[in-house]
Every structure is written in C-alpha cells, then in structure tokens.
Amino acid sequence: METKKTKKTSEAATNARSGGVSRESQLGNATIVKAEAIKHVDPTVVADKNVQSLLFCWCVSGSGVVEANGQTYEFSRGNLLFLPWGHDITYKPDELRPFYLKTLQVIPAHDPKVELKVDVGSANNTENLDVPQRKNVDHPMLRTPTLIDDIDDSNLAVLFNYALGVFKRETPPLPVARQMSRLFLYEFFSLKMLIPTEEEGNVPRRLQFLIDYIKENLSKDTSLTDIAAYSELSQATINRLFREHLETSTMNFIHQKKIERAKHLLLVTDLPVSDIGPHIGINDVYYFSRFFKKMTGYSPTEFRRL
C-alpha cells in the first residue's frame with residue numbers, strides 16, 4: 001500500500017488542454033461511469049466483491065473502517081482510498097460519527113462506440129459483470145491500493161465535486177465522462193508521485209528533508225552544490241546519507257525522480273515530447289531524448305506507445 005492545493009476551476013480547464021490522458025496511451029478510453037455521494041446515517045455494514053472498476057473513495061466527514069482486498073484502512077475526513085479493478089470492499093461506518101463518502105468509479109478501457117451506462121459490474125450486479133465493452137488495463141500507477149491523506153484542498157477534490165455535480169444532473173455524454181476521467185487520473189497520478197516509497201519512508205529526518213527538496217525542484221537543473229547550499233550540509237554528508245539509507249548516489253536519485261516524472265507526463269498527458277524536458281529541468285529536446293533512452297532503454301516516443 002502507498003500513502004497536498006486547490007486552485008481555481010479555470011485552472012482545471014487549462015489542464016484539460018495540456019494535461020489530459022494521452023490519446024496514444026493505454027488509458028485513452030478511461031471513463032468515469034459513476035459518481036455519487038453516500039451518507040451513512042447508521043453503522044450498517046455494506047460489502048461487495050469483484051467490483052470491476054477503479055474506485056476512488058473520499059471521506060468528506062465522519063469516520064469508520066474500510067476493508068479491501070484483505071487490508072484494513074482507518075478512514076476519516078480528507079482521506080482518499082484508491083482500489084484497483086476487481087477489488088473486494090466492506091464499509092464499516094463508525095457508530096457515533098458514520099462517515100460521509102464521495103465515490104468515483106472509472107472504467108480503464110471503455111468501448112467508445114458503446115453508450116455510457118451508470119453502473120458497475122460486481123458480485124452484487126452480475127448483469128454487468130465481465131462485459132466485453134469494459135476492460136481493465138495493466139498500468140503501473142493502478143495496480144495496488146493507495147491511501148492519500150488530506151485531499152480536501154487539492155485539485156483532485158475540485159474535480160471530484162465537479163464530476164459529482166455533472167452526474168447528479170444527468171448521465172453525461174461519453175466524451176464528457178472520458179474528459180473528466182483524463183483530468184481526474186492526471187491529478188491522482190500527480191498526488192501519488194509525491195507519496196514516499198517504502199524505502200524513502202524509513203529514512204532519517206535529515207535525509208527526508210533532502211528528498212522533499214529534490215521532488216519539489218524536479219523542473220530545475222538541481223546539482224549537489226545546490227542541495228548542499230540549501231541544506232547547509234556538506235556534499236560528502238549528503239552523499240553518505242543517500243548511499244547509507246537508499247543505496248544510491250545523490251545524483252542517481254535525482255535522475256530516477258526526473259525519469260519518474262517524465263514517464264508520468266508521457267503516459268497521462270498530451271504534451272509533445274519537446275515540452276516534457278523542461279518539466280524535469282532539461283530544455284534541449286535532443287538531450288532529453290538521449291537522457292531518457294539511457295535511463296529506460298526506450299526513446300520517449302517508444303515509451304509512450306508501450
């Protein structure tokens with residue numbers, strides 16, 4: 001399992017032009033099929049199995065426990081839980097303050113020629129189970145459950161509420177549901193990339209301070225000298241911390257994080273390859289392409305088409 005701000009809705013509209021899921025990517029047909037707000041007014045347990053969707057569940061108020069795929073999650077205000085395709089889930093609201101949840105259900109590959117239906121196949125809805133028009137995709141960001149804390153002031157929350165408003169009025173046209181899904185997945189992936197890996201989550205505070213600085217400055221040409229000046233630590237100490245706790249050099253760690261961001265942009269945005277380099281501090285498109293191939297074995301264009 002893996003474990004911050006709201007901007008104007010107009011910014012989300014801008015992202016729609018520059019940050020939607022790439023038409024060439026395997027998530028090009030991802031579609032929101034259901035959005036609803038669920039008020040648990042009593043501690044009644046609700047369960048379902050083999051739910052064939054990507055579930056995004058946001059706790060708006062109250063608290064409780066969500067059990068999913070054999071794991072238990074303490075759920076309270078601001079938490080977002082993502083569950084992959086085929087999940088089992090049980091909701092157990094707190095007896096005194098039952099949670100109020102908002103949920104989005106996304107189909108990773110929805111046949112663009114099939115009319116949008118507001119339903120999800122599961123053990124409780126076998127009529128829509130294993131339908132060929134809806135399929136999962138094997139995407140590295142969507143394989144495992146993810147818990148994110150405090151999304152209340154994020155762009156993701158803005159998009160969550162927007163989608164809920166659209167579905168509350170009527171079933172939206174398929175292109176609208178697909179575009180909302182593109183925006184939503186883009187913001188979710190962006191938040192997920194900020195979550196420390198298991199190794200990063202078990203490091204001394206001094207090293208975590210350096211890691212946070214690196215992640216916040218991936219669009220800059222950050223050097224070891226820059227990190228030393230910012231942290232007031234010697235370059236030798238910085239290198240020792242990375243090698244001792246993460247078994248890598250400082251610069252290799254920076255390069256890995258830059259490649260992770262580049263992969264994210266290639267997979268989930270429509271940005272041309274020439275515009276992705278500056279997001280990781282590389283303004284020369286040819287150097288960016290050589291750097292990406294050296295680190296991954298693929299050119300940026302080849303990776304986008306995988």
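The values are calculated or read from the model by the stated rules, or taken from the named source; none is laboratory data. Since this is a predicted model, take the numbers as computed values, not measurements. Every residue, glycine as well, gets a Cβ built from its backbone with ideal geometry; the counts of neighbours run over all protein chains shown.
Would you call Ser234 within 29 Å of Arg182 (Cβ to Cβ) and either at pLDDT 95 or above or not aliphatic (A, V, I, L, M) (or both)? For Ser234, the condition - within 29 Å of Arg182 (Cβ to Cβ) and either at pLDDT 95 or above or not aliphatic (A, V, I, L, M) (or both) - is not met. When each of Leu164, Leu174 is tested for being touching a Ser or Thr at 6+ places or on another chain (Cβ under 8 Å) and surrounded by fewer than 19 Cβ atoms within 10 Å (Cβ to Cβ), the lone residue that passes is Leu174.
Looking at the structure I just gave you, is Ile276 more than 25 Å from Asp138 (Cα to Cα) and either of a type in the set (A, V, I, L, M) or surrounded by fewer than 18 Cβ atoms within 10 Å (Cβ to Cβ) (or both)?
Details: more than 25 Å from Asp138 (Cα to Cα): no; either of a type in the set (A, V, I, L, M) or surrounded by fewer than 18 Cβ atoms within 10 Å (Cβ to Cβ) (or both): yes.
It is false that Ile276 is more than 25 Å from Asp138 (Cα to Cα) and either of a type in the set (A, V, I, L, M) or surrounded by fewer than 18 Cβ atoms within 10 Å (Cβ to Cβ) (or both).
Only residues that are under 18 Å from Gly281 (Cβ atoms) and assigned to a helix (DSSP H, G or I) were counted in segment 223-258, giving 16.
Taken as a whole, segment 149-157 holds at least one residue that is under 20 Å from the mean Cα position of the chain (by Cα), of a type in the set (S, T, N, Q) and over 19 Å from Leu83 (Cα atoms). Specify which of the listed residues (Lys102, Lys117, Lys113) is modelled with pLDDT of 95 or more and of a type in the set (Lys, Arg). Just a single option satisfies the conditions, and that option is Lys102. In the set (1) part of a strand (DSSP E or B); (2) under 20 Å from Phe160 (Cα atoms); (3) of a type in the set (Phe, Trp, Tyr), the condition left unmet by Trp85 is number (1).
Scan segment 135-155 and tell me whether some residue there is at positive phi and at pLDDT below 95. Within segment 135-155, one or more residues are at positive phi and at pLDDT below 95. Select from segment 200-222 the residues that are in a loop (DSSP other than H, G, I, E, B) and of a type in the set (Val, Ile, Thr) and write down the one among them that is surrounded by the fewest Cβ atoms within 10 Å (Cβ to Cβ). The extreme case among them is Val203.
If the condition is being surrounded by fewer than 23 Cβ atoms within 10 Å (Cβ to Cβ) and in contact with a Pro (Cβ under 7 Å, 6 or more places away or on another chain), then segment 95-104 contributes Glu95, Pro98.
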